[in-house]
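In what follows, a structure is listed as structure tokens, so that the remarks can point back to it.
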Amino acid sequence: QRYPEAAPLYQRLVQQYRGTTQSAEAQRVLRFLSDQEADRLYQQAMERFDQEDYAQAVQPLQQVIAQYPGTPSEAAARCNLGLAYQHLGQVEQALQVYDQAIAALEHRPEEQPALEFAQAQRTELQPSGLREQPSEYRNP
């Protein structure tokens, strides 16, 4: 919960001790803290999603995508941002999000399930239009 305070300290360690085991350890801790913060924010968004408050889920999902690229939470956030827009009836926005998700995830083999989900949702939203009840993507 104190990631914003800890991150700059570890970043300073990385810079100060570049090329040392201390720097490598600080980088590992930074990645861990980043993943934890991304997951915290993602869970906050999913609580809103589960309450069917899709409009309020959009902002934290966008924040995960923007601030925590390359994390598992970012991949899941991309999928659920598209779903939030679907639930809000914003099909064009959902299509755009799915296109961005596909581009971002197609070279990340560890995120294959999220990629396939985004591709399936994108295909389903083609000219036939919005489904009645889109299903959410859960980060495995």
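Brief remarks follow.
- Qualifying residue in the range 73-91 (condition: touching a helix residue (DSSP H, G or I) at 6+ places or on another chain (Cβ under 6 Å) and not in a helix (DSSP H, G or I)): yes
- With respect to the stated conditions, Ala76 is modelled with pLDDT of 95 or more and under 14 Å from Ala104 (Cβ atoms).
- Condition check for Gln11: open to solvent by 40 Å² or more (accessible area, probe 1.4 Å) and either touching a residue at least 60 places away in the same chain (Cβ under 8 Å) or more than 26 Å from Glu106 (Cβ to Cβ) (or both): yes
- The set of residues from the range 20-70 being among the aliphatic types (A, V, I, L, M) and either open to solvent by 60 Å² or more (accessible area, probe 1.4 Å) or closer than 19 Å to Gln96 by Cβ (or both) comprises Ala45, Ala55, Ala57, Val58, Leu61, Val64, Ile65, Ala66.
- Residue list for the range 100-116, restricted to those being in a helix (DSSP H, G or I) and open to solvent by less than 70 Å² (accessible area, probe 1.4 Å): Ala101, Ile102, Ala103, Ala104, Leu105, Glu111, Pro113, Ala114, Leu115
- For Phe32, the conditions (1) assigned to a helix (DSSP H, G or I); (2) at pLDDT below 95; (3) among the hydrophobic types (A, V, I, L, M, F, W, C); (4) touching a helix residue (DSSP H, G or I) at 6+ places or on another chain (Cβ under 9 Å) all hold with the exception of (4).
- Of all residues in the range 72-125, those being without any contact (Cβ under 8 Å) to a residue 12 or more places away in the chain and among the aliphatic types (A, V, I, L, M) number 2.
- Test: residue in the range 122-137 that is within 21 Å of Ala55 (Cβ to Cβ), modelled with pLDDT under 95, open to solvent by 60 Å² or more (accessible area, probe 1.4 Å) and touching a Gly at 6+ places or on another chain (Cβ under 8 Å): yes
- Remark: Leu30 matches the filter, which requires a residue to be within 27 Å of Leu81 (Cβ to Cβ), touching a residue at least 12 places away in the same chain (Cβ under 8 Å) and not small (Gly, Ala, Ser).
The values are calculated or read from the model by the stated rules, or taken from the named source; none is laboratory data. The model shown is predicted, which means the values in this text are computed figures rather than measured ones. So basically every Cβ, Gly included, is an ideal-geometry build from the backbone, and we count neighbours across all protein chains shown. The area values use the complete protein model at the heavy-atom level, side chains included, leaving out ligands, DNA and RNA. Shrake-Rupley method; radii C 1.70, N 1.55, O 1.52, S 1.80 Å.
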